[in-house]
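Trainee: This is the structure I want to talk about, given as structure tokens.
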Amino acid sequence: MVEQAVPIAHGSLSPDQGSLMSYLRDIKKFPMLEPNDEYMLAKRWLDENDREAAHRLVTSHLRLVAKIAAGYKGYGLPMGDLIAEGNIGLMHAVKKFDPEKGFRLSTYAIWWIKAMIQEYILKSWSLVKIGTTTAQKRLFFSLKRLKNEIQSHEGESGDLTDEQIKKMGQELNISVKDITEMEQRIKSADFSLNNPVSQHGEEGGGEWQDWLTDDAPTVEELLIHEDEFEKRKSLLSNALSSLSEREAYIMQARRLDDPPQTLETISEHLKVSKERVRQIETAAFLKLQKYMQEKS
């Protein structure tokens, strides 16, 4: 199939704050798709580049994007922007979705939607880069939730105590040092690079930006990095698509959802034991590792 942009409903990509309520009402007008209808539409888009089929796949999942975006509204960013980023993730998912893998588009799209929203939040949160590694990004999105849970349970508020940080580190399997640094980053306010530099109250020291060197990557480096990122993202998506529907569901629930679902919840949903869920999760993770190693 020739690569092309996935169409979306006019006015649905980036709702501004003034029309947000109207947007949320409007997307409810798009009907949800039955499994067979979704399969046929996906085949038409995949095999025939049918833009109307892609349009229906996208618009039928706009409510899913809005629901996921609402889970990130506590980060102080406009809801319309979060939805817009999620919609971009949805369009990427539709473009790469293969209905022959045996699971629904929503299961596949959740990863793309969350990834785009989280990347936007990390880029927008502060001039100082909040998270670069996977562990740091996970910590950023888990810190606020766990902090609220721990302090609510203990009837406290404000800064975390040493004991609370230790407890959080055990739950996330992250060092106390990383948690402390992340909380300081989140609390620290950005300041203008045009602020004057002064020594002992003297003037004439210039501005902070005068002391900065341009160590930004070149255009060539950015293109290489972007190409590598897209390849890795596509590889992971294909790896997830290689799993069975049950394996994909468990990996989504245990490794991608935030917060992750418990073994007990999944076992009740699938009508199997918690140990069986753990076994499937382990086997699925090993499949993903093997797939990634073989295709890398």
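Trainee: With segment 219-296 as the region, which helices (runs of 4 or more DSSP H) entirely inside it contain at least 1 residues that are of a type in the set (Gly, Ala, Ser), exposed (fewer than 15 other Cβ atoms within 10 Å of the Cβ) and in contact (Cβ under 8 Å) with a residue 12 or more places away in the chain?
Mentor: Numbers: elements: 219-241, 245-251, 263-270, 274-295.
Fully inside segment 219-296 and qualifying: 219-241, 274-295.
Trainee: Based on what the data block shows, is PRO99 touching a helix residue (DSSP H, G or I) at 6+ places or on another chain (Cβ under 6 Å) and farther than 28 Å from PRO259 by Cβ?
Mentor: Working: touching a helix residue (DSSP H, G or I) at 6+ places or on another chain (Cβ under 6 Å): yes; farther than 28 Å from PRO259 by Cβ: yes.
Yes; evaluated as a whole, the condition is true for this residue.
Laboratory data are not the source of any read-out in this text; all were calculated from the coordinates shown. Note that the coordinates shown come from a computational prediction; the quantities given were computed from them, not determined experimentally. Neighbour counts are summed over all protein chains in view; Cβ atoms, including those assigned to glycine, are modelled from backbone coordinates with ideal geometry.
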